[in-house]
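Every number here is computed from the coordinates shown, using simple stated rules; none is lab data. It should be emphasised that the depicted structure is a prediction, and the values quoted were computed from it without experimental measurement. Don't worry about glycine lacking a Cβ; one is built from the backbone with ideal geometry, like all the others, and counts go over all protein chains shown.
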Number of protein chains: 2
Amino acid sequence: MAERTGTDVRRSTRQRTLVRDLVGELDSLRSAQEIHALLRERGESVGLSTVYRALQALAEDDEVDVVRNEQGEVLYRQCSVKHHHHLVCRSCGRAVELVGPTVERWADQAASEHGFSDVTHTVELFGLCPRCAGGD
Amino acid sequence: MAERTGTDVRRSTRQRTLVRDLVGELDSLRSAQEIHALLRERGESVGLSTVYRALQALAEDDEVDVVRNEQGEVLYRQCSVKHHHHLVCRSCGRAVELVGPTVERWADQAASEHGFSDVTHTVELFGLCPRCAGGD
DNA sequence: ATTCTTGCAAACTATTTGCAGAACA
DNA sequence: TGTTCTGCAAATAGTTTGCAAGAAT
């Protein structure tokens, strides 16, 4: 959890840029491994651990959001709004962002009702998107 | 995903009973490793993989529910109602069951709004329970 | 007797880390 | 030039699996 200070600055490198750009052009949640594989397919030479580190850095800087899928893998996706949830296609990985306040309100209420503090929530929906459901 | 048939029946064994009973007396979400450790502390001799297998069997039979914590570990807890969510204390592991329909409705609506089918949801709240927040 | 279960060790998956050499500011 | 970053190999953590021996029906 070490916060970064002003003295150790995030350097801009080829690998970091590749990862950021790739995540930027995808609209689905992907694992570090998938992102690494995609880069390799494009002929880019990047190490797997570098991809992990790059994604962690992006998450730390709040440039991507982080989700865990049903198998426990960590998935990343560029984020636009600060806090929201995803409706993820379990077949193609495409994700729709859900921004409504419904869940937040529900979570806050449940927390205060039971006297819990410092509450975070994990909310993700997994299903089949219309495209994948059709061509099954 | 192999369904069990009528010919291979679930046998009742010492180990299976130990795990089921322990889960029954706990009111908090625990990992397989924790359950294994608790049994060992009580002087029971059970293998770790047996605990994993026993918990999986219980989950398959819908006797416990399964949740993944923020670190990606799988947690188990005896379940009373069919579908619900948890407000879990990240310090002591105690869990409150939340049964309201709010989230289900929201999930269903979001799914149909975007044409997704066969949608499941993952909803968990993690926080500090009053007891742990007090004695910090 | 037959079939299911156990427990160990080894395998596996996703992820993290140490470290020497390479790259950025 | 000095610090940060990279990539490999090795380490970790949680979980799963093969298999021979043991227990339940």
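Percent relative contact order of segment B:1-122, based on C-alpha pairs within less than 8 angstrom and at least six residues apart?
22 percent
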*Quick one: with label points 7 Å out along Cα→Cβ, list the inter-copy distances for B:Thr120 in nm, shortest first?*
2.3
*Would you please name the GluC sites (Glu not before Pro) within segment B:46-112 that are DSSP coil residues with at most 14 other C-beta atoms within 10 Å of their C-beta?*
B:Glu70
*Quick one: order A:Val119, A:Val99 by neighbouring beta-carbon count within 10 Å, fewest to most.*
A:Val99, A:Val119
*Would you please classify the overall shape of segment B:8-75 from the alpha carbon gyration tensor, given that a ≥ b ≥ c denote the square roots of the eigenvalues, rounded means a/c under 1.5, and beyond that prolate means a/b larger than b/c while oblate covers the rest?*
oblate
*What nm distances, shortest first, do you get from the label point of B:Ser91 to those in the other copies when the point sits 7 angstrom along Cα to Cβ?*
4.7
*Other-copy label distances relative to B:Asp61, 7 angstrom Cα-Cβ extension, nm*: 5.2
*Work out the mean other chain Cβ neighbour count within 10 Å for the residues of A:89-95 and drop it here as an integer.*
1
*asked:* I need the shape label for chain A. Rule: rounded when a/c is under 1.5, else prolate if a/b > b/c, else oblate, with a, b, c from the alpha carbon gyration tensor.
replied: oblate
